[in-house]
Amino acid sequence: MSQINVNRIADKTGGGAPEFPYGIQVTGIVTATTVNQNITGVTTFGQTTFTEGFNVSGVVTATTFSGNLTGNVTGNADTASNLTGSPNIVVSSADVTGIGTINDLRLESVSDKITVSTGNSPSLTYNTGGGNVAVVYNASGPITLTVTGIPTTSDFNNRALNFSVIVRQGATGYGCSSLILNGVTFNSTAAVGVSTRISYPSGTVAAGSTTGYDIFNFVGVNTTGSASTITNYNFLSVKNGDFRLY
């Protein structure tokens, strides 16, 4: 094997690039200002601009990516921010444990998670996926819904709260007219004007039916916009009920 020790290689005129018609093999590092050829094997790029496009048939691994992306993308993405245009993102499933904020959410199919309870004290945990719907069987007295984990941070400002209690009634009907939210009690007996009062259509508190299903719905309106305290919510309630079992 021969070895050439030179600092610069040019064509025979001294002013152009030499040709390698049978190829050239390099085991070290190749530095080039322009590459106009197919590249195989493992390749590492620093900050690089591809003005004429860049087609890869294998796997591209990058710590960051900036620009338009087309085609199928697989792998793990810890963070995706500042996406523009109309990206079509398809996933087989997605588990989100943190906070997701979407300006315009359009879903094709939705199912609400329910929490089934026996007795008079159903409970939901808001910030750990407890759902917004409680289903109650075998109530023996007035029902109180308890909800914990309602956010009080500024990123929850200007939100409305929605809860429903579905009760399968027996021979005696019982209503749900009391809430305990983050430890604060809301009910129908609070004095008029008190923030923890639950308001009903025409001021009539919803009562339970018998031998059927009742749905007690609650909507909490934040009257100040601040989520810092649960007493900033005024709750409105309406019942859809007397769904007969016979």
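Each reported figure results from applying straightforward, stated rules to the coordinates on display, with no laboratory input. Just so we're clear, the structure is a prediction, and the values are computed from it rather than from any experiment. When we count neighbours, we look across all protein chains shown, and the Cβ atoms used for this are built from the backbone with ideal geometry, even at glycine.
Please order ASP104, ASP11 by the number of other Cβ within 10 Å, starting at the fewest.
Details: ASP104 4, ASP11 10.
Fewest to most other Cβ atoms nearby, the residues stand as ASP104, ASP11.
In terms of other Cβ atoms within 10 Å, LEU105, LEU161 run from fewest to most in the order LEU105, LEU161. The modelled label-to-label distance between ILE39 and ASP104, using points 7 Å beyond Cα along the C-beta direction, is 3.9 nm. Net charge in the neighbourhood of GLU19 (other residues with Cβ under 13 Å of its Cβ; Lys, Arg +1, Asp, Glu -1) is 0.
Shown is the FRET efficiency for ALA207 and THR229, computed with R0 = 25 Å from the Cβ-Cβ distance and rounded to the nearest 0.05: 0.25. Listed values [x] 41, 22, 16; [y] 69, 19, 14; [z] 46, 31, 15 include one computed from this model; for semi-axes √(5λ) of the Cα gyration tensor in Å that value carries the label [y]. As a proxy for reagent exposure, THR144, THR224 were ordered by neighbouring Cβ count within 10 angstrom, fewest first; the result is THR224, THR144.
Only Cα pairs under 8 Å and at least 6 apart count here; give the relative contact order of segment 168-246 as a rounded whole percent. Kindly include the intermediate steps, with their values, before the conclusion.
Details: 155 pairs, mean separation 26.2, N = 79.
Over segment 168-246, the number comes to 33 percent.
Report the FRET efficiency, 1/(1 + (r/R0)^6), for THR153 and ALA62, where r is their Cβ-Cβ distance and R0 is 35 Å, rounded to 0.05.
On the way: r = 33 Å, r/R0 = 0.95.
Efficiency computed from Cβ-Cβ geometry: 0.55.
Please state the relative contact order of the chain as a whole percent: Cα pairs under 8 Å, 6+ residues apart? Here the relative contact order equals 12 percent.
Using 0.36 nm per residue, how much length does the chain from SER123 to SER2 gain when fully extended, once their Cα-Cα distance is taken away?
Numbers: separation 121, 0.36 × 121 = 43.56 nm, distance 8.24 nm.
Result: 35.3 nm gained on full extension.
Cα centroid separation, segment 1-26 to segment 161-193: 86 Å.
Think of the chain as having a plus end and a minus end, set by charges on the Cβ of Lys, Arg, Asp and Glu; of ILE9, GLY203, THR61, GLY203 sits farthest toward the positive end of this dipole.
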